[in-house]
1. Looking only at the range 367-398, which residues are among the acidic types (Asp, Glu), modelled with pLDDT of 75 or more and in a helix (DSSP H, G or I)?
2. Can you name the residue in the range 25-51 that is of a type in the set (Asp, Glu) and part of a helix (DSSP H, G or I) and, of all such residues, is farthest from LEU66 (Cα to Cα)?
3. Collect the residues in the range 537-570 that are assigned to a loop (DSSP other than H, G, I, E, B) and closer than 18 Å to GLU511 by Cβ, keeping them in residue-number order.
4. State which residue is nearest to GLU448 (Cα to Cα) when the search covers only the range 459-495 and only residues that are among the acidic types (Asp, Glu) and either outside the structural domain of LEU434 (by TED's automatic domain parsing) or under 45 Å from the mean Cα position of the chain (by Cα) (or both).
5. Does LEU118 satisfy the criteria of being under 50 Å from the mean Cα position of the chain (by Cα) and touching a residue at least 40 places away in the same chain (Cβ under 8 Å)?
6. Determine which member of the set LYS260, LYS277, LYS299 is of a type in the set (Lys, Arg), modelled with pLDDT under 85 and in contact with a helix residue (DSSP H, G or I) (Cβ under 9 Å, 6 or more places away or on another chain).
7. How many residues, within the range 305-334, are at pLDDT below 80, surrounded by 10 or more Cβ atoms within 10 Å (Cβ to Cβ) and in a helix (DSSP H, G or I)?
8. Pick out the one residue from SER97, SER59, SER105 that is under 24 Å from ASN38 (Cα atoms) and crowded, with 21+ Cβ neighbours inside 10 Å.
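The values are calculated or read from the model by the stated rules, or taken from the named source; none is laboratory data. All of these numbers come straight from a predicted model, not from anything done at the bench. Don't worry about glycine lacking a Cβ; one is built from the backbone with ideal geometry, like all the others, and counts go over all protein chains shown.
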Amino acid sequence: MNKITVFLLLSVNLIYTQETFNNDLNKFYKLAESICANKKDESFCKALKFYREEKFDSSYVYSNKLSFDQIKDENYINVLNYIQGVSALNKKLYKRSLVGFLSMSDEGFFKSLRESKLGRVYLSLKRFDDAILSYSKWEKINSNTDLNSKKNAYHNFALCYIHKKDYNKAKEYFNKELSLISSNDTLSIVRFKMDLASVYYNQYIDDEAIPLFKEAYTIAKDFSDIELKQFTSQNMAVVERNRKNFEKSVEYYREFIKWKDSIWNRDNILELTERDKKLAIAQKQQEIAIQDEKLKRQKVVQRGLILGASGLLIFLGLLGYFYKQLKTKNALITQQKEDLNVANKTKNYLFSVVSHDLRSPMNTIKYQHEQLKKHIANNDIEGIKEANNTAITVTESTSHLLNNVLHWSLEQSNQMVFAKKECPVKPIVEHVLLDYEDLIAANDIQIETNFIKNSLVNIDRESIKIVLRNLLDNAVKYMKNQGRITVEIGVTNNNKAYISVQDTGIGISEERLQKINALQGVSIDKINRSEGVGLGLILCQMLVKKNEGNLVFTSELNKGTKVSIELPLA
């Protein structure tokens, strides 16, 4: 690619597009606002609103909803054509934009606006002679216009002449542009230096062009405009390549790619943000439309209801009253039926517990009494002690069962006193262990305590004591009269107080352990007794849950079981 082609391509990207607020544009806005106020056409007013907010997609859509065949006012047509033309131009629909501007009147301030925009469109369409003609007409009309408009026009004049390879003319208009640039307008100065350098470079006057390129590059490096950094670094890359200084050219190209990527990332973020914004607006407009439709329907319904409101309200009131009465009775019957079913299942379960679990210990006590008589008759002191210890153990177990039934009955009938208050864990554990000294001694069991940390908890003391007694009873029961029980208190990693009871008994199988851990949240009426689940465990789960705690079982067959009560700290 030769250097002329490269810099013509870069120059197109520097066409000045901003619309400055000169007198003609102010006149246009006053006229447009007047038309909106008088005509009160919703589509026109929205097109104007979006145009002023530079939301050209929406402006283009609403302006195209209007039919020119139904508009007789020439000013109205001119304003609408201008809005359509500018919106299409910003959407890069150049041919559609050209139709709009050519349809405008060639009189008054419309002529100035028309020729300025036609120059822009022709330049984008690469019809450079037509662009120069339009800008020439505009220049004659606007000899006293504002400096920004003149500066933009001179810049685009120069671009046209560059493309036509009339470099003297291009240089003439760039110098006109320079005369209007403020000394602190860094952006315009850098662009001017690049454009002028392009003029020299395309004429192969490298001694004039290259210093200007370097100067533009140096200034742009300290400036915030990313596009300017990109263009100046690209210019320097091409210059160094044409000078066969390929290593330096590659450095500039890398810098160019870096700025290009920055622009791409920025534009993508802006595009995504704009897309999300449009989507949110569209969704909101849809919601508003739906709400408006609902309001219209409600008004129609309200008008219809007013005619027979009195009679209909009385009828609906009576109907509602009877329906409510019937529904209340049905709900009461259904609730009573459910409560009765639960009560029956609970009753059956308790009878099953009492009839099954009492029969075995009573037979054992009876047998031990007979053994005791034999040992007394034979004066067998060791036999007497053994039979007596066994009888004590069975009696304690039976008493424990009866206590569980009593506690369960009290809880189900809401007669159990449950009062939570702040208290330390250690005294509760010590109190329960004191009650179990005789039973543990009778069964030749060692008991150890490990009080790691005494914590303050907010619980009902008596209900936790019931749970501890159940856990100790189970530990003794499955110890087979020998072994060790370890009671430990402390604080878990998740900042909860715990009390653990660990034995060296027969342990629990994995299948049964899963059933026990699944008891949380299960009521007694849903428990299948054939699965080996006792009332004590259900009572423990319920009481720990009421204290906002957790009951966790871990076990291994023939090695023992560990049960932990986790409670929230006060």
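1. Within the range 367-398, GLU370, GLU382, GLU386 meet the criteria.
2. Step one: filter the range 25-51 for residues of a type in the set (Asp, Glu), giving 33, 41-42.
Right, trim to part of a helix (DSSP H, G or I) and you get 33, 42.
Values: GLU33: 17, GLU42: 10 Å.
In this case the residue turns out to be GLU33.
3. Of all residues in the range 537-570, those assigned to a loop (DSSP other than H, G, I, E, B) come to 547-549, 557-559, 570.
Answer for the range 537-570, where residues must be assigned to a loop (DSSP other than H, G, I, E, B) and closer than 18 Å to GLU511 by Cβ: LEU557, ASN558, LYS559.
4. Narrowing the range 459-495 to residues among the acidic types (Asp, Glu): 460, 462, 473, 488.
Retained after the next criterion (residues that are either outside the structural domain of LEU434 (by TED's automatic domain parsing) or under 45 Å from the mean Cα position of the chain (by Cα) (or both)): 460, 488.
Numbers: ASP460: 25, GLU488: 8 Å.
That would be GLU488.
5. Details: under 50 Å from the mean Cα position of the chain (by Cα): yes; touching a residue at least 40 places away in the same chain (Cβ under 8 Å): no.
Taking the combined requirement at face value, the residue does not satisfy it.
6. Matching residue, one of LYS260, LYS277, LYS299: LYS260.
7. 2
8. One residue alone meets the criteria, SER59.
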